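Student: One structure follows; several queries about it will come next.
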């Protein structure tokens, strides 16, 4: 059974038909990437999975259970870790407080401590800055913090929205390394990216979204060689 | 020198402004030292001093001092020009405050002739020079001098307030019979006010030279001692402070209670509620309707009515919270503002007059009884309010450090992400509204019983604005900030009655100044961060033992 399955999901913003029947699956242990231009509906897809938007039609199943209509905090409890676009950490809270909030659904303080140390081990840079305010971290560190915060809830699937946005090329590399490392540790990831080249390098499979519909899908290596994808997203010349 | 001219002119304009809005004349009756020196003079002198100081700070050499004197002189000149103008031309059609008495006040009673001019120029130059000279003092010395001057002015101003506190001989020594401070009194106050910060500095220097020996434990002991002194001070306050101060502190306490309540909503959860007065009103009117025999619905006692009144506000908090759950920022502010007005208009309405008393309000509200003893004096209410504040404080601390407190802070920082963390937005927001409302309602119920009557005018928009302003002043989200803000915004104006008329002017100036100089508030939340760091250090000194314990557990 796939970890996540979307079946012809439709989303409207008022009169605008943002998602026109999106279907996709993510299997356990995969990295699946969702590519597409601005406004194609990538972020909308993630927001409807985590319950921040309610789809008008369609089915979203988490390990077989339909989660459409559940409030976001219930969906989090079922194991969806959403890392929103634009590194939205809590800027006035410390690194530790940010991470602790990631485990909000857990009441056992000792367990929170344990996970905190685990995440800090994964991100030594954050460990050095554990008492610093989140807003004072560099862009790359903030992205690490946002990812670490989502890891705190030990999600069944992690939704990553544009993790490389606005980062220097070196940092982009290291973020993708982190993503790969997390995946090797067993985290299932749905990755939304504009940087198609890097995304296809780390992903197992990919989908291409265009104005609210999936137009292409397949193994990442195949997509990377698809002439249409190359022309539209990889900047290849004729 | 151009700087000196500019600052002098700005100072001159400030002096004109203060004079023409009437602030200077309003304080002419407040004698600070002897018969002659009034608070008006002090204001003018302070202006010259500030101008001199500002010039001196920009130019740090001898020309700076000259410039400071020049700037002060310009202020003096501006004052004389204004005095002459007011004396010769009748400006009262435009500026009501340009009264015939004003020239005398502005020229220190020396007339608008050559003598007055000479005196003003001389005084201006001298005070400006001193202001410039202040910049030559080391920072600690400068702070000590300025604090001492401020304390002397405050003591002079608060003569009537102090008289019931100190025994007659002390008062007789400090003050002249009809005027302000006597000369020896002034000297004593200044000397004391100077001695305390200097002594503290000396002690601090000594402490820092043996920082090694000043252990965490000693710091802790000092903190405990400070707490004990604080508790004793608070507990004994009405016994020596007299009726007037008790009355003022009752109102400050009611505002602290409201401030703590709104702090949960605005400070912790980040929800800007501009209709907070609604909860205050609902608490007060619940108390009134439940206990006053005038309306004849119920005649409960105070203690039976109190929990019902608080419960009513909790329910109303949830009812108001429900429709605004989805709103953020400005929209929330406007909507809650509307709710506040709706509550006020409802109690004012003829429609509900048989039940809520209409424009005349309700009187004969129950007093709390403790056995045969009836609480009816402000000094006694003080304790009731103190207990209420203590409870609200305790609750605030516990909530802040709890799971729900963290959820509030997450919502305040970023509502979407908070939801993505698994925080239930609905319950978190409703809880903030409900607990915040409970504190406002408690405050209202106590208020109704204290003043023994409620009228709709007591629940105007200004109350909401006051509570928001005191939070901003103290530092949003900070609990000590609430107390500091309430003292400054509610306590001080009560003590300085002349300010009442200029309250909004002073509010405006203070808030603008705050935004520029202390954007985080007078007592910002960061102190909590520092406390946390101290706690972490304590943890470090304890760490080896803990590590040992943990490893033993592991084995």
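The values are calculated or read from the model by the stated rules, or taken from the named source; none is laboratory data. All values derive from a computational prediction rather than experimental measurement. Positions of Cβ are generated from backbone atoms using ideal geometry, with glycine treated the same way; all protein chains shown enter the neighbour counts.
Student: Take the residues in region B:414-462 that are in contact (Cβ under 8 Å) with a residue 60 or more places away in the chain and in a loop (DSSP other than H, G, I, E, B), then tell me which one is farthest from residue B:293 (Cα to Cα).
Tutor: Here the answer is B:460.
Student: Yes or no: residue A:99 at pLDDT 90 or above and crowded, with 17+ Cβ neighbours inside 10 Å? First the steps, then the outcome.
Tutor: On the way: at pLDDT 90 or above: yes; crowded, with 17+ Cβ neighbours inside 10 Å: yes.
Taking the combined requirement at face value, the residue satisfies it.
Student: Can you go through A:233, A:207 and tell me which one is at pLDDT 90 or above and crowded, with 22+ Cβ neighbours inside 10 Å?
Tutor: Working: A:233 fails: at pLDDT 90 or above.
Only one candidate qualifies: A:207.
Student: Moving on. Among the residues of region A:68-99, count how many are at the interface with another protein chain (Cβ under 7 Å from one of its Cβ atoms) and part of a helix (DSSP H, G or I).
Tutor: Looking only at that region, the number is 4.
Student: Checking the conditions here, which among A:63, A:74 is under 20 Å from residue B:428 (Cβ atoms) and surrounded by fewer than 19 Cβ atoms within 10 Å (Cβ to Cβ)?
Tutor: On the way: A:63 fails: under 20 Å from residue B:428 (Cβ atoms).
After ruling out the rest, the residue left standing is A:74.
Student: Anything in region B:329-348 that is exposed (fewer than 14 other Cβ atoms within 10 Å of the Cβ) and either outside any helix (DSSP H, G or I) or more than 27 Å from the chain's Cα centre (by Cα) (or both)? List them, or say none.
Tutor: B:331, B:342, B:345
Student: Can you confirm whether region B:91-104 contains a residue that is assigned to a helix (DSSP H, G or I) and either within 18 Å of residue B:12 (Cβ to Cβ) or not assigned by TED's automatic domain parsing to the domain that holds residue B:57 (or both)?
Tutor: As a first pass, look at region B:91-104 and keep what is assigned to a helix (DSSP H, G or I): B:101-104.
From what's left, either within 18 Å of residue B:12 (Cβ to Cβ) or not assigned by TED's automatic domain parsing to the domain that holds residue B:57 (or both): B:102-103.
So far as region B:91-104 goes, yes, one or more of its residues are assigned to a helix (DSSP H, G or I) and either within 18 Å of residue B:12 (Cβ to Cβ) or not assigned by TED's automatic domain parsing to the domain that holds residue B:57 (or both).
Student: Can we say residue B:261 is within 15 Å of residue B:443 (Cα to Cα) and within 18 Å of the chain's Cα centre (by Cα)?
Tutor: Values: within 15 Å of residue B:443 (Cα to Cα): yes; within 18 Å of the chain's Cα centre (by Cα): yes.
The answer is yes for residue B:261.
Student: Right, another one. Which ones in region B:1-29 are surrounded by fewer than 20 Cβ atoms within 10 Å (Cβ to Cβ) and not in a helix (DSSP H, G or I)?
Tutor: Result: B:1, B:21, B:22, B:28, B:29.
Student: Among the residues of region A:160-175, is there at least one that is surrounded by 14 or more Cβ atoms within 10 Å (Cβ to Cβ), within 13 Å of another protein chain (Cβ to nearest Cβ) and closer than 24 Å to residue A:40 by Cβ?
Tutor: Within region A:160-175, one or more residues are surrounded by 14 or more Cβ atoms within 10 Å (Cβ to Cβ), within 13 Å of another protein chain (Cβ to nearest Cβ) and closer than 24 Å to residue A:40 by Cβ.
Student: When region B:130-146 is examined, which residues are found to be more than 20 Å from residue B:187 (Cα to Cα), without any contact (Cβ under 8 Å) to a residue 60 or more places away in the chain and touching a helix residue (DSSP H, G or I) at 6+ places or on another chain (Cβ under 8 Å)?
Tutor: Hit for region B:130-146 is B:137, nothing else.
Student: Let me ask you something else. Whether any residue in region A:141-158 is more than 16 Å from the chain's Cα centre (by Cα) and facing chain B (nearest Cβ under 10 Å) is what I want to check.
Tutor: The initial filter retains those residues of region A:141-158 that are more than 16 Å from the chain's Cα centre (by Cα), namely A:141.
Narrowing further to those that are facing chain B (nearest Cβ under 10 Å): none.
Taking every residue of region A:141-158 in turn, none turns out to be more than 16 Å from the chain's Cα centre (by Cα) and facing chain B (nearest Cβ under 10 Å).
Student: Kindly provide the set of residues from region A:120-158 that are outside any helix (DSSP H, G or I) and within 17 Å of residue A:31 (Cβ to Cβ), ordered by number. Write out each step before concluding.
Tutor: If we filter region A:120-158 for residues that are outside any helix (DSSP H, G or I), which is where we start, we get A:123, A:129-133, A:137-138, A:152-158.
Across region A:120-158, the qualifying residues are A:155, A:156, A:157, A:158.
Student: Restricting attention to region B:297-328, report how many residues are under 29 Å from the mean Cα position of the chain (by Cα) and assigned to a helix (DSSP H, G or I). Before the answer, list the steps.
Tutor: Of region B:297-328, the ones under 29 Å from the mean Cα position of the chain (by Cα) are B:306, B:309-310, B:313-314, B:316-317, B:320-321, B:328.
In the following step, the residues that additionally are assigned to a helix (DSSP H, G or I) were identified as B:306, B:309-310, B:313-314, B:316-317, B:320-321.
Matching residues across region B:297-328 total 9.
Student: Hey, another quick one. Out of all the residues in region B:349-362, which are buried (at least 19 other Cβ atoms within 10 Å of the Cβ) and not in a strand (DSSP E or B)?
Tutor: Quick first cut of region B:349-362, residues buried (at least 19 other Cβ atoms within 10 Å of the Cβ) only: B:356-357, B:361-362.
Those that are buried (at least 19 other Cβ atoms within 10 Å of the Cβ) and not in a strand (DSSP E or B): B:356, B:357, B:361.
Student: Could you go through region A:106-118 and let me know if any residue there is within 23 Å of residue A:28 (Cβ to Cβ), touching a helix residue (DSSP H, G or I) at 6+ places or on another chain (Cβ under 9 Å) and not in a helix (DSSP H, G or I).
Tutor: Looking for residues that are within 23 Å of residue A:28 (Cβ to Cβ), touching a helix residue (DSSP H, G or I) at 6+ places or on another chain (Cβ under 9 Å) and not in a helix (DSSP H, G or I), one finds at least one in region A:106-118, hence yes.
Student: Which one of B:404, B:411, B:385, B:365 is more than 14 Å from chain A (Cβ to nearest Cβ) and assigned to a helix (DSSP H, G or I)?
Tutor: Details: B:404 fails: more than 14 Å from chain A (Cβ to nearest Cβ); B:411 fails: more than 14 Å from chain A (Cβ to nearest Cβ); B:365 fails: assigned to a helix (DSSP H, G or I).
The conditions single out B:385.
Student: In addition: Going by what's in this entry, would residue A:60 be described as more than 20 Å from residue B:415 (Cα to Cα), without any contact (Cβ under 8 Å) to a residue 60 or more places away in the chain and within 18 Å of the chain's Cα centre (by Cα)?
Tutor: Values: more than 20 Å from residue B:415 (Cα to Cα): yes; without any contact (Cβ under 8 Å) to a residue 60 or more places away in the chain: yes; within 18 Å of the chain's Cα centre (by Cα): yes.
So residue A:60 passes the test.
Student: Can I ask one more? Across region B:414-434, which residue is farthest from residue A:78 (Cα to Cα) among those that are surrounded by 23 or more Cβ atoms within 10 Å (Cβ to Cβ) and away from chain A (no Cβ under 14 Å)?
Tutor: B:433
Student: Report the residue count in region B:30-48 for those that are over 23 Å from the mean Cα position of the chain (by Cα) and not in a helix (DSSP H, G or I). Please lay out each step first, then the result.
Tutor: First, pick out the residues of region B:30-48 that are over 23 Å from the mean Cα position of the chain (by Cα): B:31, B:33-38, B:41, B:44-45, B:48.
If we keep only those that are not in a helix (DSSP H, G or I) too, we end up with B:31, B:33-38.
The number of residues fulfilling the criteria is 7.
Student: Scan region A:106-127 and report the pairs whose first residue is away from chain B (no Cβ under 14 Å) and whose second residue is surrounded by fewer than 17 Cβ atoms within 10 Å (Cβ to Cβ), with Cβ atoms within less than 6 Å and a gap of 6+ or a chain change.
Tutor: A:120/A:127
Student: In this structure, is residue B:274 surrounded by 13 or more Cβ atoms within 10 Å (Cβ to Cβ), more than 31 Å from the chain's Cα centre (by Cα) and modelled with pLDDT under 95? Walk me through it before giving the result.
Tutor: Values: surrounded by 13 or more Cβ atoms within 10 Å (Cβ to Cβ): yes; more than 31 Å from the chain's Cα centre (by Cα): no; modelled with pLDDT under 95: yes.
Here the answer is no, as residue B:274 does not meet what is asked.
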